[in-house]
Amino acid sequence: MTVESAELTRDASPQEGERARPPRLTVLQHSADVPLGLLGSVLGDGVRVVRLDRGEPVPAPDAVGSGLVVLGGQMSAYDDAAAPWLPATRALIADAVRADVPILGICLGAQLLAVACGGAVVVGAPPGREAGVIEVRWRDAAATDPVLGAVVATAADGVTRAVSMHADAVSDLPAGATWLGWSHQYPYQAFRVGSALGVQFHPEAGKSIALGWARAHDDVDAAQVDAQLNASAAELAGLVITLGRAFAAQVDAHASR
């Protein structure tokens, strides 16, 4: 099975028998169209996906296992009325950071990480929607990051191409956060707060997911995004494998403590 076909066939919902066992790591999903995607085949076994959009409750801090992934979504980081689970999600993220649990926040997940730890997000940021395949440029600190270091090591001229689709953006990092990566349109493409890594881009998004997002927005040229995805297919596949394996290794190291 290819990575792309795994994205299409993987059932993110755990089997009933798995619910009673502690997960190796927990994934929080906010929207049906923003799933774990390609990361599902990279993170390994023992992954529990919690469908917050289907009414499943935010787990307690001691029930997430040895790692936490917070996915993107169609709501803003402050949209508690539309997504009433967000306050509990922000609280869980803050608790997990204090407990030194490895966290990967993606897009909305990164924005929730920033807000949960004292930073800020601009809804409908003035630069406008960042869509398609972008160039993420790495700051010096990224080379020694426990997750992104492996990505930087494979980046030609310090640049990594990644899928992007967002209109909200982190405007202020939390106190003590380490700024790791930027793009020409938005500065905070990657940052770390203790055990937590936030990335504004989407390493998990394969072609079918990314094109679905592009086609859902009138301000995005879906044909152009399609061409970008085709041109960067090999690099995008390498990104999800490299980043996903590095995060999985961090989770496993935490579990062995």
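The values are calculated or read from the model by the stated rules, or taken from the named source; none is laboratory data. Everything numeric in this text was worked out from a predicted model, so none of it was measured. Heads up, the Cβs are rebuilt from the backbone with ideal geometry, glycines too, and the neighbour counts pull from every protein chain shown. For the accessible areas, the whole protein counts, side chains as well, though only heavy atoms, and no ligand, DNA or RNA atoms are used. Shrake-Rupley method; radii C 1.70, N 1.55, O 1.52, S 1.80 Å.
Using the Cβ of Val133 as centre and a radius below 13 Å, the other residues enclosed give a net charge of -3, where K and R count +1 and D and E count -1. Ranking Ala169, Ala216, Gln228 by how far each Cα lies toward the positive end of the dipole of segment 98-257 (charges on Cβ) leaves Ala169 at the top. Around the Cα centre of segment 24-65, unit charges on the Cβ atoms of Lys, Arg, Asp and Glu (plus for the first two, minus for the last two) sum to a dipole of about 60 debye.
Within the shell of other residues whose beta carbon sits under 14 angstrom from the beta carbon of Tyr188, the net charge comes to 0, with Lys and Arg scored +1 and Asp and Glu -1. Other residues lying with their Cβ under 15 Å from the Cβ of Asp157 contribute a combined charge of 0, Lys and Arg counting +1, Asp and Glu -1. Label-to-label distance, Asp79 versus Gln224, with points set 7 angstrom from Cα along the beta-carbon direction: 2.4 nm.
Summed over the residues of the chain and divided among them, the accessible surface reaches 41 Å² per residue at a probe radius of 1.4 Å. When the Cα positions of Gly194, Val151, Ala99 are compared along the charge dipole of the chain, Ala99 comes out farthest toward the positive end, with charges on each C-beta of Lys, Arg, Asp and Glu. Taking Cα centre as origin and charging only the Cβ of basic (Lys, Arg, +1) and acidic (Asp, Glu, -1) residues, the dipole magnitude of segment 123-257 rounds to 340 debye. Rounded, prolate or oblate for segment 68-168? Axes are the square roots of the Cα gyration tensor eigenvalues, ordered a ≥ b ≥ c, and the cut-off for rounded is a/c under 1.5. Verdict is oblate for segment 68-168.
Accessible area of the chain with a 1.4 Å probe: how many percent of it is carbon plus sulfur? Carbon with sulfur: 52 percent of the solvent-accessible area. Please give the Cα centre distance for segment 105-157 versus segment 73-94, rounded to the nearest Å. Value for the Cα centre distance between the two parts: 19 Å.
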